[in-house]
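Student: Quick one: structure below, then a few questions.
The values are calculated or read from the model by the stated rules, or taken from the named source; none is laboratory data. Remember, predicted model here, so these are calculated numbers, not experimental data. FYI the Cβ positions are ideal-geometry reconstructions off the backbone, even for glycines, and counts take in every protein chain you see.
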Amino acid sequence: MRFLQALSFLALWRAASADLLGDIESALEKAVDCASCHTLLTPLQTLAHLGNDDFVDTIVTICETFKLEDSDVCAGAVGEQGPILAHALREISATGQTATKFCDAVFGLCAPPAVNAFSVPFPKAAPAVPRAFASTGKAPFQVVHISDVHIDRSYTTGADANCSKPICCRNFADETGTPTEPAGPNGNSKCDSPIVLADSMLAAVRQFAPEAKFTLFTGDVVEGAIWLVNKTEVTGDLEAFNAQMASELHTAVYPVVGNHDSAPVNSFPRNTTDTTIDSQWVFDTQSAGWEQFVGSAAASQVDHISGSYSAVVEGMNLRIISVNTQYWYKQNFWLYDSDTQQPDPNGLLAFVVQELQAAEDAGQRAFIIGHMPMGKQDALNDQSNYYDQIVQRYKNTIAAQFFGHSHKDQFEIAYSNYSDQTASTATSIALVAPALTPTSGNPAFKIYDVDPDTFEIMDSRVYFTNITAPNFQSSTPQWKLLYSARATYGPLVTPALAASAPLDPAFWHNLTEVFAADASAFALFNTLLSRGGDVGACDADCQAAAVCDLRAMRAENNCDKPKPGLSFKRADSRRSVGESDTCEGTGIAHIFKNLVNMNGFGDHFKHVRRSERMPRSVLE
């Protein structure tokens, strides 16, 4: 009798699951805007309450059914990140503000909601008379800036660079044919960095900056095969690159945590999150690995302040504040598991305030370093706004800011009044480093000339290697100067840049005025974004959006905003060159966005037999 009852219950459960799949099918078909995305969340929440396994199996089945990616990519990407989404869906209302943010991050079907009012608390008011930092004309010193190395330690010379995966140049088990484009030893634009390419960059750093005082590394060690990475691989990759920097760079190094430097990718739960999936092992690994660079006190902060730390550069009146920006990142899905507004996840805004106040009290200047630039579309508007409050309060202390993540050679300007963006209201500059990985252009790094009195940037030079050069694969990659910002852009601005003047926020604003008015100057900038390696077309609308983005160190002010309605879910051929979603990789959000962007989704779904659409756990 009990066996028959169990069979009856199983039959009813399968029927209910089939109905649920039909509800998800219908909701996905109708998901064209923000309102319909909220509707979609209801059956997805029901699925999430069945458990992580059922949630993952169902989404994997849908991914495989529509061939959104190869089966292993579907299984890996959804298997890693799916439980995080299921956790969030179980904790929130389908109609609340957090759900809107979820629909923005996961499906791309909602615009970010208005910023929630919050005033960052400061221990002291700004000094009535700010401390003056004046240059005495001493020779500048050099600082190196590297970012987004994405070293693929499984890169295989001769493997197919023209594969069906998001990242190629590996021996994948299901890639058994003869390679149509055998990977060369030094790298390929469809693949992340081989070890030899990273070695050649570090050698070039020694060549072009032999007396550099220190190196800034703004994150992302791990390659982009995010459907395959696990804790063991990420730990090994982090440890290996720490050792590589220690042995090959002859400078102090100040690193940051990148969004790829965890497994699952982008996974950084809040301290208050109830989960068995944590990222403390990342902080433990980097605390041990970075102690040789930043000292024991800062290494202890890495371990206890979510991967962030502060250190005063030896022999200098300069404090470097490294902040883990992943707690302000849209693709960190742990941030969507509460309907209660949480303005400062893990207290990192408070940490930045604390360290800037210490710098101000000591009469120091500060460099802030992080992975994600705060004006990008993938920065959360709330935290970006609150961070900007900090920048405005300590604008006299902050000499410059440095980020990576977008894989492009860019900058962002902060303003005291975003409604009146002028050279006189420009208050801070963020310099964004290009990437080593060839997936978004030619590999590159930066060297800055820094005034030793003011710690302002006097010049920014980009060095690159050309992956399409005839001899690129036949010898060690050759690196050379691409351009100097001072020499290339200095003559373009009005008023003319004086010989002793820094590349300060006013200079960069004046340069955006040139880019807005001069198509030829903007075309040069557009070419330099990818170091000439992946130059995208950019019409007048794209040009205006790009200039807007350069003037937006606050995410709510960028111009990467899709239009509501059906067009909101369609790919826009004029996407701004300033967008930074390249760094996410092919994760579960990429799969969901492709799904809701499918033309004829409903017709396609209806022609697939229901048995082929059932999740494995339902059919077993």
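Student: Pick from the range 273-294 the residues that are part of a loop (DSSP other than H, G, I, E, B) and among the acidic types (D, E): which of them is farthest from A246 (Cα to Cα)? Lay out the reasoning, then the answer.
Tutor: Keep residues of the range 273-294 that are part of a loop (DSSP other than H, G, I, E, B), which gives 273-279.
Still in the list and also among the acidic types (D, E): 274, 278.
Numbers: D274: 37, D278: 28 Å.
Result: D274.
Student: For the range 496-509, what are the residues that are in contact (Cβ under 8 Å) with a residue 12 or more places away in the chain and either assigned to a loop (DSSP other than H, G, I, E, B) or surrounded by fewer than 15 Cβ atoms within 10 Å (Cβ to Cβ) (or both)?
Tutor: Of all residues in the range 496-509, those in contact (Cβ under 8 Å) with a residue 12 or more places away in the chain come to 500, 502-509.
Listed by number, the residues that qualify are S500, P502, L503, D504.
Student: Just wondering, is there one or more residues in the range 227-248 that are in the same structural domain as L481 (by TED's automatic domain parsing), assigned to a loop (DSSP other than H, G, I, E, B) and in contact with a Lys or Arg (Cβ under 8 Å, 6 or more places away or on another chain)? So that I can check it myself, show each step before the final result.
Tutor: Here is the first cut: in the range 227-248, the ones in the same structural domain as L481 (by TED's automatic domain parsing) are 227-248.
Cutting the leftovers down to assigned to a loop (DSSP other than H, G, I, E, B) gives us 227-230.
Going one step further and asking which of them are in contact with a Lys or Arg (Cβ under 8 Å, 6 or more places away or on another chain), we end up with none.
Scanning the range 227-248 turns up no residue that is in the same structural domain as L481 (by TED's automatic domain parsing), assigned to a loop (DSSP other than H, G, I, E, B) and in contact with a Lys or Arg (Cβ under 8 Å, 6 or more places away or on another chain).
Student: Does any residue of the range 157-178 turn out to be farther than 30 Å from A240 by Cβ, in a loop (DSSP other than H, G, I, E, B), among the β-branched types (V, I, T) and at pLDDT below 95?
Tutor: Kept after step one, since they are farther than 30 Å from A240 by Cβ, are these residues of the range 157-178: 177-178.
Remaining after also requiring in a loop (DSSP other than H, G, I, E, B): 177-178.
Among the residues that remain, those that are also among the β-branched types (V, I, T) are: 178.
So of that shortlist, the ones also at pLDDT below 95 come out as 178.
Scanning the range 157-178 turns up at least one residue that is farther than 30 Å from A240 by Cβ, in a loop (DSSP other than H, G, I, E, B), among the β-branched types (V, I, T) and at pLDDT below 95.
Student: Now a separate question. From the list D261, D220, D237, exactly one residue is under 28 Å from C74 (Cα atoms) and surrounded by fewer than 24 Cβ atoms within 10 Å (Cβ to Cβ). Which is it? If you could, list the steps in order and put the result at the bottom.
Tutor: Working: D261 fails: surrounded by fewer than 24 Cβ atoms within 10 Å (Cβ to Cβ); D220 fails: surrounded by fewer than 24 Cβ atoms within 10 Å (Cβ to Cβ).
Step by step, each of D261, D220, D237 is checked, and only D237 is under 28 Å from C74 (Cα atoms) and surrounded by fewer than 24 Cβ atoms within 10 Å (Cβ to Cβ).
Student: Looking at (1) more than 25 Å from the chain's Cα centre (by Cα); (2) of a type in the set (V, I, T); (3) over 22 Å from K395 (Cβ atoms), which one does V129 not meet, given that it meets all the others?
Tutor: In the conditions (1) more than 25 Å from the chain's Cα centre (by Cα); (2) of a type in the set (V, I, T); (3) over 22 Å from K395 (Cβ atoms), V129 misses (3) alone.
Student: OK, next. So, in the range 511-534, of the ones that are of a type outside the set (A, V, I, L, M, F, W, C) and either under 30 Å from C191 (Cβ atoms) or buried (at least 20 other Cβ atoms within 10 Å of the Cβ) (or both), which residue ends up modelled with the lowest pLDDT?
Tutor: So the residue we want is D534.
Student: A follow-up question, please. Restricting to the range 518-564, give me the number of residues that are more than 23 Å from the chain's Cα centre (by Cα) and in contact (Cβ under 8 Å) with a residue 60 or more places away in the chain.
Tutor: 1
Student: For S164, indicate whether it is among the polar types (S, T, N, Q), outside the structural domain of Q401 (by TED's automatic domain parsing) and under 30 Å from V450 (Cβ atoms).
Tutor: Working: among the polar types (S, T, N, Q): yes; outside the structural domain of Q401 (by TED's automatic domain parsing): yes; under 30 Å from V450 (Cβ atoms): no.
No; evaluated as a whole, the condition is false for this residue.
Student: Another question, then. Quick check on the range 450-465. Is at least one of its residues in a loop (DSSP other than H, G, I, E, B) and farther than 30 Å from K138 by Cβ? Can you show your working first?
Tutor: Of all residues in the range 450-465, those in a loop (DSSP other than H, G, I, E, B) come to 451-456, 465.
Retained after the next criterion (residues that are farther than 30 Å from K138 by Cβ): 465.
Yes, because at least one residue in the range 450-465 is in a loop (DSSP other than H, G, I, E, B) and farther than 30 Å from K138 by Cβ.
Student: Turning to a different aspect of this structure: Return yes when P470 is closer than 17 Å to A198 by Cβ and out of contact with any Phe, Trp or Tyr (no Cβ under 6 Å at 6 or more places or on another chain) and no when it is not. It would help to see each step written out before you state the result.
Tutor: Numbers: closer than 17 Å to A198 by Cβ: no; out of contact with any Phe, Trp or Tyr (no Cβ under 6 Å at 6 or more places or on another chain): yes.
No: the conditions fail for P470.
Student: Sticking with this one: Under 29 Å from D388 (Cβ atoms), of a type in the set (G, A, S) and crowded, with 22+ Cβ neighbours inside 10 Å: does that describe S147?
Tutor: On the way: under 29 Å from D388 (Cβ atoms): yes; of a type in the set (G, A, S): yes; crowded, with 22+ Cβ neighbours inside 10 Å: yes.
Yes.
Yes/no per residue for (1) surrounded by 14 or more Cβ atoms within 10 Å (Cβ to Cβ); (2) farther than 27 Å from P264 by Cα:
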residue: V73; (1), (2): yes, no
residue: G96; (1), (2): yes, no
residue: A111; (1), (2): yes, no
residue: P121; (1), (2): no, yes
residue: A128; (1), (2): no, yes
residue: A134; (1), (2): no, yes
residue: V143; (1), (2): yes, yes
residue: D152; (1), (2): yes, no
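Student: I've got another one for you. Scan the range 325-362 for residues that are part of a helix (DSSP H, G or I) and within 18 Å of the chain's Cα centre (by Cα) and report the count.
Tutor: Within the range 325-362, the subset part of a helix (DSSP H, G or I) is 325-328, 333-336, 345-362.
Now restrict to residues that are within 18 Å of the chain's Cα centre (by Cα): 325-328, 333-336, 345, 348.
Residues in the range 325-362 being part of a helix (DSSP H, G or I) and within 18 Å of the chain's Cα centre (by Cα): 10 in total.
Student: From the list Q292, Q331, which residue is touching a residue at least 24 places away in the same chain (Cβ under 8 Å) and surrounded by fewer than 22 Cβ atoms within 10 Å (Cβ to Cβ)? Steps first, answer last, please.
Tutor: On the way: Q331 fails: surrounded by fewer than 22 Cβ atoms within 10 Å (Cβ to Cβ).
Going through Q292, Q331 in turn, just one is touching a residue at least 24 places away in the same chain (Cβ under 8 Å) and surrounded by fewer than 22 Cβ atoms within 10 Å (Cβ to Cβ): Q292.
Student: Checking the condition out of contact with any helix residue (DSSP H, G or I) (no Cβ under 9 Å at 6 or more places or on another chain) and either assigned by TED's automatic domain parsing to the domain that holds Y336 or within 27 Å of P343 (Cα to Cα) (or both), which residue from A94, A86, A35, A48 passes?
Tutor: Details: A94 fails: out of contact with any helix residue (DSSP H, G or I) (no Cβ under 9 Å at 6 or more places or on another chain); A86 fails: out of contact with any helix residue (DSSP H, G or I) (no Cβ under 9 Å at 6 or more places or on another chain); A48 fails: out of contact with any helix residue (DSSP H, G or I) (no Cβ under 9 Å at 6 or more places or on another chain).
Checking each option against the conditions leaves just A35.
Student: Any residue in the range 373-396 that is in contact (Cβ under 8 Å) with a residue 24 or more places away in the chain and in a strand (DSSP E or B)? It would help to see each step written out before you state the result.
Tutor: Taking the range 373-396 and keeping what is in contact (Cβ under 8 Å) with a residue 24 or more places away in the chain, we get 373-396.
After this cut, where a residue has to be in a strand (DSSP E or B) as well, the list is 379.
Yes.
Student: Does T251 meet the test of being surrounded by 15 or more Cβ atoms within 10 Å (Cβ to Cβ), among the hydroxyl-bearing types (S, T, Y), at pLDDT below 95 and over 19 Å from the mean Cα position of the chain (by Cα)?
Tutor: Values: surrounded by 15 or more Cβ atoms within 10 Å (Cβ to Cβ): yes; among the hydroxyl-bearing types (S, T, Y): yes; at pLDDT below 95: yes; over 19 Å from the mean Cα position of the chain (by Cα): yes.
Criteria met by T251.
Student: Looking at (1) surrounded by fewer than 21 Cβ atoms within 10 Å (Cβ to Cβ); (2) touching a helix residue (DSSP H, G or I) at 6+ places or on another chain (Cβ under 9 Å); (3) part of a helix (DSSP H, G or I); (4) not β-branched (V, I, T), which is the only condition R270 fails?
Tutor: (3)
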